[in-house]
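K.L.:
Below is one structure. I have some questions about it.
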Amino acid sequence: QVQLVESGGGLVQAGGSLRLSCAASGRTFSKYTMGWFRQAPGQEREFVAAIRGSNSTYSAHSVKGRFTVSRDKAKNTVYLQMNSLKPEDTAVYFCAASGLYNGGYYSRDYDYWGQGTQVTVSS
């Protein structure tokens, strides 16, 4: 059974940093795309960043230059380093795993999801 478990969320002041982790079990995703999405109250889930099987990364315009996605293939874990956080970054952050080598930007591109971790940025 595949499980994705996020950790590292919390409350931080604007301008601060957080590092989210997502540990996968039940299947190795080193050859596939893993991504991060977020959902704020009353809003749709949106793409944040992802890392392909090649280890190339891509991210949403809203977080470019502030958020960095990386992975440790040996640990089957993906990370999201979030710097210069803004109040508008407040959301539940979800880790997702795709069966695609070159995954996409949409929720439908991902097959497995974590339970989410809350990130709250105070002004």
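The values are calculated or read from the model by the stated rules, or taken from the named source; none is laboratory data. Just so it is clear, the structure is predicted and the values come from calculations on it, not from any experiment. In this analysis, Cβ positions are derived from the backbone assuming ideal geometry, glycine residues included, and neighbour counts consider all displayed protein chains. Ligands, DNA and RNA are stripped out before the accessible areas are found, and what is left, the full protein with its side chains, is counted by its heavy atoms. Shrake-Rupley method; radii C 1.70, N 1.55, O 1.52, S 1.80 Å.
K.L.:
Roughly speaking, to the nearest percent, how much of the stretch 1-85's 1.4 Å accessible area is carbon and sulfur?
P.N.:
Here carbon and sulfur together make up 44 percent of the probe-accessible area.
K.L.:
Please give, to one decimal in nm, the separation of the simple spin-label points placed at A74 and Q39, each 7 Å out from Cα toward the Cβ.
P.N.:
Distance between label points: 3.6 nm.
K.L.:
Additional query: Under 10 Å, Cα contacts only: if you run a Gaussian network model on the chain, which one of A97, A60, A74 comes out with the highest mean-square fluctuation?
P.N.:
Most flexible of the set in this elastic network: A74.
K.L.:
When the scattering of the stretch 45-87 is computed by the Debye formula from its Cα atoms alone, each counted once and equally, what is log10 I(q)/I(0) at q = 0.17, 0.22, 0.27 Å⁻¹?
P.N.:
-0.48, -0.75, -1.01
K.L.:
Show me the chymotrypsin sites (Phe, Trp or Tyr not before Pro) within the stretch 6-91 that DSSP assigns to loop and that have at most 16 other Cβ atoms within 10 Å of their Cβ.
P.N.:
Answer by residue number: there is no such site.
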